[in-house]
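Take a look at the structure below.
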Amino acid sequence: MRVAIIGAGLNGLACAVMLKRLGVDCVVFERGKGPRDSGTGIYVWPQAMQVLRFVLKDRKFLSRGQPIEFLDTHDKQGRLIHSQPVRPDGLGLPAPAMMFLRTELFRLLADSLEEDDIHYDMGCERLENVGDQVRLTFTNGHCFDFDLAVGADGVSSTTRAFVNPGLVPHDTGLVASRGVVTFDSPLLHSDRCQIFTSHHSRVVTYPLNKASSLRYWFAAYQHRNQPLLDRQGLLELFAALPEDLLRMMGQTPEEDILTHKLKALTGEGQWFRGRVVMLGDSIHAMLPTLGYGLTLGLENGFMLAQALVGHCDAGLETALQRYEIRAARRSREMLQVMNDFTQLYYFEPEGEVSPARLSPIVQRFQHLAQTTVF
């Protein structure tokens, strides 16, 4: 079987490495002119850490990230509202959660492939099922046939327009700014994600490297169709939060802060059409409410690899049906949990973020953690 993976982001690269580990011939096409190794931080839950352990073969990659053991929610005065262990007792999770620089994780995955496994400046313009193959036509005019195409090309996916044209990204009403900075404070801990809630907004921060005090932060708020805030605007919006958070954002160079409106996808409808199948943000992009987006995409990739390698029928359709049933159901359930978190944090009256409101959603999230592919 020859597989084309469209999109050389983290999910596309991880899927390619997984398939090659299982003996499947695959190649990755990326519309960008070079590696997509820019960005800030990326959070990986224990479920996805186990996928990465399989993909990357050994435990050396653990030294490239920072373990995260708790997710703590604070009010705008910095008082602790709720603390959630990442590995609750009784779940038997044999891996930590980790925070990585996105560039580090990208290079780990890219280095697990051969140089000629990834082709840049190859934007997929058209897909067509031709008999028992799929034909890909690229913006440079090149055309190739494969046994299967996997769409891992993100929220702006061209693959989705072929598989599920009725599913389009929707504006969530939120915008996020992200940054990485060397910053140390007794308020901020080295073993946890800390969420500081404000009125219809919040600031979230994770450690990236305990030894160097490197730290990732993002600030999200309702944009209300107004101009997006620069660094000074963020400092004014979050002026009521603890002073150390403001200093952390203020010490981040303006040019290093990434800001964009947040769009999402519901994962509804079909996930494959003929010889083309979707995974990750290209089909179910979610808000970074608990940083589960990459984890869900890696789960998708592992489910797909299992389906492709494990099917015994002569045709491929039943394998893709099995993948769609498993991955779509789980993804939609996780999206609903994340939507409930998002509604509580950003759209309900100030003061509603409380243990009584958070605990039931957390319990649903932990139940889903018990039913992962690992």
Exercise. Of Ala149, Ala161, which residue is closer than 20 Å to Asn300 by Cα, in a strand (DSSP E or B) and out of contact with any Gly (no Cβ under 9 Å at 6 or more places or on another chain)?
Worked result: Ala149
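If I filter segment 308-331 for residues that are within 26 Å of Gln222 (Cβ to Cβ) and either buried (at least 17 other Cβ atoms within 10 Å of the Cβ) or of a type outside the set (S, T, N, Q) (or both), do I get at least one hit? Please lay out each step first, then the result.
Step one: list which residues in segment 308-331 are within 26 Å of Gln222 (Cβ to Cβ), which gives 331.
From what is left, the residues that are either buried (at least 17 other Cβ atoms within 10 Å of the Cβ) or of a type outside the set (S, T, N, Q) (or both) are 331.
Scanning segment 308-331, I find at least one residue that is within 26 Å of Gln222 (Cβ to Cβ) and either buried (at least 17 other Cβ atoms within 10 Å of the Cβ) or of a type outside the set (S, T, N, Q) (or both), so the answer is yes.
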Problem set entry | Only one of Gly166, Gly173, Gly151 that is among the small types (Gly, Ala, Ser) and open to solvent by 60 Å² or more (accessible area, probe 1.4 Å) | Gly166
Problem set entry | So Val86, is it within 14 Å of Gln194 (Cα to Cα), at pLDDT below 95 and not charged (D, E, K, R) | yes
Exercise. Any residue at all in segment 94-102 that is in contact with a Lys or Arg (Cβ under 7 Å, 6 or more places away or on another chain), in a strand (DSSP E or B) and open to solvent by less than 20 Å² (accessible area, probe 1.4 Å)?
Worked result: yes
For this session: Could you run through segment 294-307 and say how many residues are open to solvent by 10 Å² or more (accessible area, probe 1.4 Å) and within 11 Å of the chain's Cα centre (by Cα)?
Result: 1
Seminar exercise, completed: Here the qualifying pairs (Cβ atoms under 9 Å; residues six or more apart or on different chains; first in segment 217-235 and free of Cβ contacts under 8 Å to residues at least 60 places away in the same chain; second of a type in the set (Asp, Glu)) come out as His223/Asp171; Leu229/Glu236; Asp230/Glu254; Arg231/Glu254; Gln232/Glu254
For this session: Just give me the residues in segment 28-58 being closer than 22 Å to Cys124 by Cβ and not small (Gly, Ala, Ser), in sequence order.
Result: Val28, Phe29, Glu30, Arg31, Lys33, Pro35, Arg36, Asp37
For this session: State whether one or more residues within segment 255-277 are crowded, with 22+ Cβ neighbours inside 10 Å and either more than 24 Å from the chain's Cα centre (by Cα) or free of Cβ contacts under 8 Å to residues at least 12 places away in the same chain (or both).
Result: yes
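Step by step: first the residues of segment 219-234, then only those that are open to solvent by 40 Å² or more (accessible area, probe 1.4 Å) and not in a loop (DSSP other than H, G, I, E, B), then the one that is farthest from Thr259 (Cα to Cα). Which residue is that?
First, the residues of segment 219-234 that are open to solvent by 40 Å² or more (accessible area, probe 1.4 Å): 224-232.
Going one step further and asking which of them are not in a loop (DSSP other than H, G, I, E, B), we end up with 231-232.
Values: Arg231: 10, Gln232: 13 Å.
Here the answer is Gln232.
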Problem set entry | Qualifying residues in segment 51-92 (those that are part of a helix (DSSP H, G or I) and of a type in the set (Phe, Trp, Tyr)) - the one least open to solvent (accessible area, probe 1.4 Å) | Phe61
Exercise. Is there any pair linking a residue in segment 236-254 that is part of a helix (DSSP H, G or I) to one that is among the polar types (S, T, N, Q) and crowded, with 17+ Cβ neighbours inside 10 Å, with Cβ under 8 Å and at least six apart or on different chains, and which?
Worked result: Leu237/Ser198; Leu237/Ser201; Leu245/Thr205; Met248/Thr205
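Return a yes/no flag: does segment 346-363 have any residue that is touching a Gly at 6+ places or on another chain (Cβ under 9 Å), surrounded by fewer than 16 Cβ atoms within 10 Å (Cβ to Cβ) and either farther than 24 Å from Tyr221 by Cβ or of a type in the set (Ser, Thr, Tyr) (or both).
From segment 346-363, those touching a Gly at 6+ places or on another chain (Cβ under 9 Å) are 346-347; that's our starting set.
Add one more test, that the residue is surrounded by fewer than 16 Cβ atoms within 10 Å (Cβ to Cβ), and what stays is 347.
Still in the list and also either farther than 24 Å from Tyr221 by Cβ or of a type in the set (Ser, Thr, Tyr) (or both): none.
Taking every residue of segment 346-363 in turn, none turns out to be touching a Gly at 6+ places or on another chain (Cβ under 9 Å), surrounded by fewer than 16 Cβ atoms within 10 Å (Cβ to Cβ) and either farther than 24 Å from Tyr221 by Cβ or of a type in the set (Ser, Thr, Tyr) (or both).
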Exercise. Given the structure, is Thr205 without any contact (Cβ under 8 Å) to a residue 60 or more places away in the chain and crowded, with 21+ Cβ neighbours inside 10 Å?
Worked result: yes
Exercise. How many residues does segment 276-294 contain that are part of a helix (DSSP H, G or I) and polar (S, T, N, Q)?
Worked result: 1
For this session: Of the conditions (1) closer than 30 Å to Tyr345 by Cα; (2) among the hydroxyl-bearing types (Ser, Thr, Tyr); (3) free of Cβ contacts under 8 Å to residues at least 40 places away in the same chain, Thr137 clears all except one; give me its number.
Result: (1)
Exercise. With Gly280, Gly291 as the choices, which residue is in contact (Cβ under 8 Å) with a residue 60 or more places away in the chain, open to solvent by 10 Å² or more (accessible area, probe 1.4 Å) and under 19 Å from Pro46 (Cα atoms)?
Worked result: Gly291
Seminar exercise, completed: Residues of segment 23-50 being closer than 30 Å to Gln366 by Cβ, open to solvent by 10 Å² or more (accessible area, probe 1.4 Å) and out of contact with any strand residue (DSSP E or B) (no Cβ under 6 Å at 6 or more places or on another chain), in sequence order, are Gly39, Gln50
Exercise. List, please: which pairs have Cβ atoms under 8 Å, are six or more places apart or on different chains, and start with a residue in segment 345-374 that is under 21 Å from Lys76 (Cα atoms) and end with one that is among the basic types (Lys, Arg) and crowded, with 18+ Cβ neighbours inside 10 Å?
Worked result: Tyr345/Arg202; Tyr346/Arg202
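In segment 104-119, what count of residues is obtained for those that are small (Gly, Ala, Ser) and part of a helix (DSSP H, G or I)? So that I can check it myself, show each step before the final result.
Here is the first cut: in segment 104-119, the ones small (Gly, Ala, Ser) are 110, 112.
Checking the rest, the ones that are also part of a helix (DSSP H, G or I) come to 110.
Total meeting the criteria: 1.
The values are calculated or read from the model by the stated rules, or taken from the named source; none is laboratory data. Just so it is clear, the model here is predicted, and its values are computed rather than measured. Please note: Cβ atoms are built from the backbone with ideal geometry, for glycine as well, and neighbour counts cover all protein chains shown. Note: accessible area is taken over every heavy atom of the protein model, side chains too, but ligands, DNA and RNA are not part of it. Shrake-Rupley method; radii C 1.70, N 1.55, O 1.52, S 1.80 Å.
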